[in-house]
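These notes are about the structure you will find just below.
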Amino acid sequence: MLAVSSIIVKLLGAVYKIPLGNILSDAAYADFNSAYNIYNFFLTISIAGLPVALSKTISEAHALGRENQVRKIFRVAFGLFLTMGLVSFFFMSVLAGPMASTVVSNPKAVYCILALSPSVLAVCIMSALRGYFQGHFNMMPTGVSQIIESFFKMVVGLALAMLIASLALQPEDFGDQMVAVGAIIGVSIGSVVALLYMLVTFLRERSKQRTVRSSDKPEGSGAILARLLQLAIPITLGSAATSIVTLIDNNLVMGQLQSVFQTVHGMTESAALDTARDLYGIYGKSMAVYNLPFSLMVPLTACIVPAVSACRARRDHLGCQRITESALRVGILLSLPMGVGLIVLGGPIMGLLYPEIDTAIAGPLMSVLGMAAVFVSVQVLCNSVLQANNMVNLPVLVVVIGGAVKIVVNYVLVGNPDILINGAPVGTLCCFFIVSLIELIIIRRAVPSPPRFTRVFVKPVLASVVMGAAVWAVYGLMVNVLTISSKLATLLTIGVGVVVYLVLVLSLRALSKEDLELMPKGDKIAKILRIR
């Protein structure tokens, strides 16, 4: 249920982000992204580990029939979630101005941060309810609430952004900033509606459970709180590392751009800020496309952990190896062609999705991010393999190393007047290349019966390189010889690339029936493609 809802949420997110990029100006998109980075940080420190800790402690008590303990755990956890939500709400509302100026170096993001502040409170409360249901092995409310949240975010956010944009407010009337605020309000409304659904579901469930009596004596509030924090803090620290790196990176890129524009180009502070917002907004729109290959890894990561864990429990090392190999191979077969496509057609794809964008800037950004997308997908898959083999702390340490590399590279390159925003995707590429390489080495050396990397990478890489060459040649032929418009040529070329890649995968026998069994409806796909 959670895997299916995650896929739907990712698809709704893509449908939301790409049209939104056409509604928002580049500068407004920078405000949107800056506010979202702050929002994600507060969400991470507030709820990253607590729902897991809550569901674990509730499920243990529930399994022992200690219903009074279950109720006490929930009351303590709810108070903790509410406190974290109120603290985060305070920072994002009362201190929105200072945070916009100092944390993300974008004072004009202040209204977006304010508009997101109700959402952080709603999500914190909702996470307590999600942890409660998950502790009772009921994943349906969590999955449905995630879909409701994403759906209303998309519909209301796009509608408000379009409505405010139609008013044609001038910059002196905070025109582009207000369009971004409209999109952000959709996020808060989506969170509130999802919270209302969770509250109704929770109250209905609790009314049924009032007839259940238990004579157990619950632990004290202090002991329960200590246990929740003991479980939650390590998970939170691991998740917070990525959010902190993102915030530092946001501040660094915006700050370096403004510094170059003021010191080298002699711009005023206001003009330097607006120019930096434009460039950072283009980078943000490129990032929205870059995240799509990663979205396809969700169902695979959901399959890896339980499948490998089950084999480990049976001491079936060959089974672990087979499943790990298949998961990595399927992940590479899905992500590598998309990454190669973004490398070869970075500019045309950005021009197709965002007709008003400056492709001279967006194209090179997208091409570099295309390479990074492959390594991000590898890193996500490797994380799942390491977690399935009980190596939960190593991925956190490796991400910290990669994040440090990203910060250093961005500081040097973005601060170079000849490179500027083009340095930001290079930092992302270096970060995830190093992270994925280290994790592959760890898997090779520390996992019993590790996957054979030649069987994982060789055929997918060969098929992707040939496909990339074919796509480059076909697009050039269509645009330069047949004089077909760039947008139509891009669509046709993508279609050609899909056909070429599929033929190569089948002819090279890069995919087996066992590989497809890891995917939903994989047996039917194997039958259609006649893969044995």
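The values are calculated or read from the model by the stated rules, or taken from the named source; none is laboratory data. Computed from a prediction, not measured in an experiment: that's the story for all the values here. All Cβ positions, glycine included, derive from the backbone under ideal geometry; neighbour counts span all protein chains shown. Quick note on the areas: whole protein, heavy atoms, side chains included, nothing else; ligands and nucleic acids left out. Shrake-Rupley method; radii C 1.70, N 1.55, O 1.52, S 1.80 Å.
Derived scalar couplings between HN and Hα for segment 106-115 equal 9, x, 7, 8, 4, 5, 5, 5, 4, 5 Hz in order, rounded to whole Hz, by the Karplus curve 6.51 cos²θ - 1.76 cosθ + 1.60 (θ = phi - 60°), x for Gly and Pro. Taking every protein chain into account, the 1.4 Å probe leaves LYS17 with about 60 Å² of accessible area, to the nearest ten.
Surface exposure of segment 24-160, expressed per residue as accessible area with a 1.4 Å probe, stands at 32 Å². Here's the picture: charge each Lys and Arg Cβ at +1 and each Asp and Glu Cβ at -1 in segment 409-513, and of CYS430, ILE484, PHE457 the one pushed furthest to the positive end of that dipole is PHE457.
Under the combined filter of DSSP loop state and at most 14 neighbouring Cβ atoms within 10 Å, segment 95-144 retains these chymotrypsin sites (Phe, Trp or Tyr not before Pro): PHE137.
Counting Lys and Arg as +1 and Asp and Glu as -1, what is the net charge of the other residues whose Cβ lies under 15 Å from the Cβ of PRO450? List each step's numbers first, then the result.
Details: positive: ARG312, ARG322, ARG329, ARG444, ARG445, ARG452, ARG455; negative: ASP316, GLU325, GLU439.
Every neighbour counted, the sum reads +4.
Put VAL87, VAL340 in order of accessible area, highest first, and with a 1.4 Å probe you get VAL87, VAL340.
Specify the inter-centroid distance of segment 408-433 and segment 314-333, based on alpha-carbon positions, in whole Å. Taking the Cα centre of each part, segment 408-433 and segment 314-333 sit 35 Å apart. Set the Cα radius of gyration of segment 328-379 against 2.2 N^0.38 Å, with N its number of residues, and you get 1.18.
Evaluating 6.51 cos²θ - 1.76 cosθ + 1.60 at θ = phi - 60° for every residue in segment 135-149, the Karplus couplings come out as x, 9, 6, 10, 8, 4, x, 4, x, 5, 5, 5, 5, 4, 4 Hz, glycine and proline recorded as x.
Placing unit charges on the Cβ atoms of the charged side chains and taking the dipole of the chain about its Cα centre, the candidate lying farthest along the positive direction among GLY131, MET366, GLY190 is GLY131. Partner lysines whose Cα lies under 21 Å from the Cα of LYS56, excluding those fewer than 8 positions away in the same chain, are identified as LYS72, LYS217. Taking only alpha carbon atoms, the chain gives an Rg to Rh ratio of 0.98, where Rh is the Kirkwood radius.
Given contacts defined as C-alpha pairs under 8 Å and at least six residues apart, what's the relative contact order of segment 409-462, whole-number percent? The partial results should precede the final answer.
On the way: 21 pairs, mean separation 11.1, N = 54.
This gives 21 percent for segment 409-462.
Here the accessible area of the chain is 68 percent carbon and sulfur, with a 1.4 angstrom probe and all protein chains present. Rounded to whole numbers, the Karplus 3J(HN,Hα) couplings from phi for segment 69-83 are 5, 4, 5, 5, 4, 5, 4, 5, 5, 4, x, 5, 4, 4, 4 Hz, using 6.51 cos²θ - 1.76 cosθ + 1.60 with θ = phi - 60°, and x at Gly and Pro.
With every protein chain kept in the model, how would you rank ILE233, ILE23, ILE224 by accessible area, 1.4 Å probe, largest at the top? Provide the component values of the computation, followed by the final result.
Values: ILE233 85, ILE23 45, ILE224 10 Å².
Correct descending sequence by accessible area is ILE233, ILE23, ILE224.
The label point for SER93 and the one for THR483, both projected 7 Å from the Cα toward the Cβ, are 6.2 nm apart. With the simple spin-label model, which puts each label point 7 Å out from Cα in the Cβ direction, the ARG312 to VAL458 separation comes to 2.9 nm.
Helix-only estimate, please: 222 nm mean residue ellipticity of the chain, summing -39500 (n - 2.57) across DSSP H runs of length 4 or more and dividing by its residues, to the nearest 500. Provide the component values of the computation, followed by the final result.
On the way: 20 runs with 436 residues, N = 532.
My calculation for the chain gives -28500 deg cm²/dmol from helical runs alone.
For segment 52-91, the fraction of alpha-carbon pairs lying more than 15 Å apart is 46 percent, rounded to a whole number. The heavy atoms of GLU219 offer some 70 square angstrom of accessible surface to a 1.4 angstrom probe.
Tell me the relative contact order for the chain as a rounded percent, counting alpha carbon contacts under 8 Å between residues six or more apart. Don't skip to the answer; put the middle values down first.
Details: 820 pairs, mean separation 91.5, N = 532.
Once normalised by length, the contact order is 17 percent.
Taking all protein chains as they are arranged and a probe of 1.4 Å, the heavy atoms of ASP316 leave approximately 50 Å² accessible to solvent. The dipole here belongs to the chain: it is taken about the Cα centre, uses +1 on the Cβ of Lys and Arg and -1 on the Cβ of Asp and Glu, and is about 2600 debye.
Note that segment 327-469 presents 38 Å² accessible area per residue, ligands and nucleic acids not counted, probe 1.4 Å.
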